[in-house]
Amino acid sequence: MEPLLGKNIGELQTICTGLGLKPFAASQIADWLYRKRVRSVDEMTNLPKAARAGLSRSYVVGRTGYVDMISSVDGTRKYLFPFGPGVEAVMIPDKDRSTLCVSSQKGCRMGCRFCMTGRGGWHGNLTPAEILSQFMEVDEAAELTNAVFMGMGEPLDNWDSVRRVIDILTAPWGFGWSPKRITLSTIGVTSDPHTGGSPLRRFMDECSCHLAVSLHNPFPEERAELMPMEKPFPIEKTLSLIREYDFTGQRRVSFEYIMFAGINDDKRHADALARMLRGLECRVNLIRFHRIPDSPLAPSPMPVIGQFKDRLNAAGVLTTLRASRGEDILAACGMLSGRKKEQ
Ligand code: SF4
């Protein structure tokens, strides 16, 4: 059985035509799927009974619920979904926002040394229905205001599915969100060996969501020590592509910079980072590192982070320190593994 969840309006129209239904039935099905959010075809009560029966022969709605949830002392909640060895989504409540940190893959093949997801390896891509299930099944589904593709996986390594989800989130027949409510975080996948295209360029051209780039070190050789994918996807290439686009309007680009003690946190790094980003309308988000087991990497002390931040701001690069959320439930940046803390 194929899931209806993840189908766009054109595909729903094709399905309706195949069932002998009028094309407007596609809008009714989209409404049931993405607005009224039903769990079964049977609940689509304004479709003729015969049409529902026909639809049910080949299709299901395709939502998958979470199997576990754990709450942090700071209100962050981590949900476990039964995809592959386990996929997590994190709900981060803030004053006037409820942000869902969404996963795009079962694990990740980018291998960043500081990340629990990377360590667990890659177990496949998530389908659009599996990504949308994260949005629709968390307890706070009705309150969500924002989404960040910053959970497990590299979203540009699964761009076709992520793009489809973004289309559904932003379409008037879908969730009806503004693209400004969505941020995609990437290490900067500038080429695809299979298609020869550039997933990063496709992201820039095919939607207008915000972009966050995981930078973490301005020196390519040092960055490659932390992020082996620096070799196939050099940060210089990512930056030159970004510079082709306009970030002076509504669309924003930011750079994520996890601070590791003695690795990327001295003046040399701050000055090189400021040089690297000169003239680009952007923001740098500093992130305190959360220790992961069996790793020599340690977080930079807070005074060092403060000095680094001040140096960048003094050099004209808008820099903030991102508040850390959900560390006690292994829900903070780089800690998602699909496993419960006690395991
Ligand atoms: Fe993958 Fe992101 Fe972890 Fe790197 S930091 S291994 S890209 S999930």
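The values are calculated or read from the model by the stated rules, or taken from the named source; none is laboratory data. All values reported here derive from a predicted model rather than from experimental measurement. All Cβ positions, even for glycine, are placed from backbone atoms using ideal geometry, and neighbour counts span all protein chains on display. What goes into the accessible areas is simple: the full protein's heavy atoms, side chains included, and nothing from ligands, DNA or RNA. Shrake-Rupley method; radii C 1.70, N 1.55, O 1.52, S 1.80 Å.
Just a few scattered comments:
- Residue match in the range 165-177 (condition: under 29 Å from HIS194 (Cβ atoms), in contact with a Leu (Cβ under 7 Å, 6 or more places away or on another chain) and among the polar types (S, T, N, Q)): no
- The residue list GLY153, GLY196 contains one member that is touching a residue at least 24 places away in the same chain (Cβ under 8 Å) and either open to solvent by less than 10 Å² (accessible area, probe 1.4 Å) or among the small types (Gly, Ala, Ser) (or both), which is GLY153.
- Pairs, first at negative phi in the range 300-313, second surrounded by 16 or more Cβ atoms within 10 Å (Cβ to Cβ) and among the acidic types (Asp, Glu), C-beta under 8 Å, six or more apart: SER300/ASP265; VAL304/ASP265; ILE305/ASP265; PHE308/ASP265
- Residue within the range 105-113 that is assigned to a strand (DSSP E or B) and either away from the ligand (no atom under 16 Å from the Cβ) or of a type in the set (Lys, Arg) (or both) present: yes
- Flag if LEU241 is in contact with a Gly (Cβ under 9 Å, 6 or more places away or on another chain) and surrounded by fewer than 20 Cβ atoms within 10 Å (Cβ to Cβ): yes
- Evaluation of ALA315 against (1) closer than 21 Å to PHE219 by Cα; (2) under 25 Å from the mean Cα position of the chain (by Cα); (3) hydrophobic (A, V, I, L, M, F, W, C); (4) surrounded by 14 or more Cβ atoms within 10 Å (Cβ to Cβ) (one fails), failing number: (2)
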